[in-house]
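To start, the structure under review is shown below, and the notes come after it.
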Amino acid sequence: MPKPFTRMFLNNLQKITKKLAQSMAAAQEIGLNPAGCSDEPAQVKIGENHLKMKQDYIVLNSPLPLRTMSSGVVGAGTGWYSTFVNRHVDKGYDCSDHREEMIQYLKEQGLQPEDTVGMMTAVMLEDVSYKHYQAEGFSIFIVVTAGVGNAVDATKSSEYYSFDMSPGTINIWIFVSGELTEEAFIQSIMTATEAKTKALHDLEIRDKLSGSVATGTSTDSILVASTQQGQKIDYAGTITPLGRIIGRGVHECTVEAIRNSKKRVKT
């Protein structure tokens, strides 16, 4: 037979366990835990609803930190970020320390530089092109601003050196709602670059100094960001499911953004 103290301890433990179970059930009912599962956050699909046009910058706010690989002025390399900014600057923009100036600019906008990937462009932001692409098990959202005033043929650039080039840039954002491997991140950039170059070829954009077809501009920038949720994606080469969509999407958005920009120049 249990001793009186042991019996009292067991009874109290039983009462505490029952109350704890009731509290957890109540919390689930009133939505204090994520719907359906308390262990994993609900999967996020990045899209147009996260994108906002401000007076002189485009911003995408992700509801969760994204794994990134980028060549941004701020947030370059790899990391985890939830704010993405493409800022318009004047064609005469000149700063000895553009990274520090960009950091100060972000702070003035109430943004946190340590949580932001930031890019700059002299292109009018109203000419942006963005599209969402759905695939089986994952989706991507692409945002492109493009100007080709300083279009360059990468195979000819070593033959001349000039400071007298009009500002223009192709900034590409690729948001993947899926889980990318390191290899897939790198291949996404490769595939996107090939698609961008094909867009310039199709539009017959030329390097003004060499006269040859341009492969890009001298100040292009790119971002690949992934939710790291959902379907795991190992590869993003041109014939893979992700690569095919990146190739098509970057080409379509780059062509549209360049055409938008050229229409503005003509008018």
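The numbers here are math on the coordinates, done by the rules we state, and not lab data. Keep in mind it's a predicted model, so treat the numbers as computed, not measured. No Cβ is skipped: glycine too gets one built from the backbone with ideal geometry, and neighbour counts run over all protein chains shown.
Structure notes:
- Ordered by the number of other Cβ atoms lying within 10 Å of each residue's own Cβ, fewest first, SER157, SER82 fall into the sequence SER157, SER82.
- Distant-in-sequence amide contacts of TYR57, defined by a placed amide H-H separation under 5 Å and a gap of 5 or more residues or a different chain, comprise HIS88.
- Residue-count net charge about ILE239 - beta-carbon cut-off 13 Å; Lys, Arg +1, Asp, Glu -1: +1
- Computed over segment 48-266, the P(r) curve from all C-alpha pair distances, binned at 10 Å from the origin, holds 8, 35, 37, 18, 2 percent per bin.
- Hydrodynamic radius (Kirkwood) for segment 195-267, which is based on Cα pairs only, to one decimal in Å: 14.2 Å
- Summary of the geometry: segment 82-128 and segment 189-242, compared by the centres of their Cα atoms, lie 22 Å apart.
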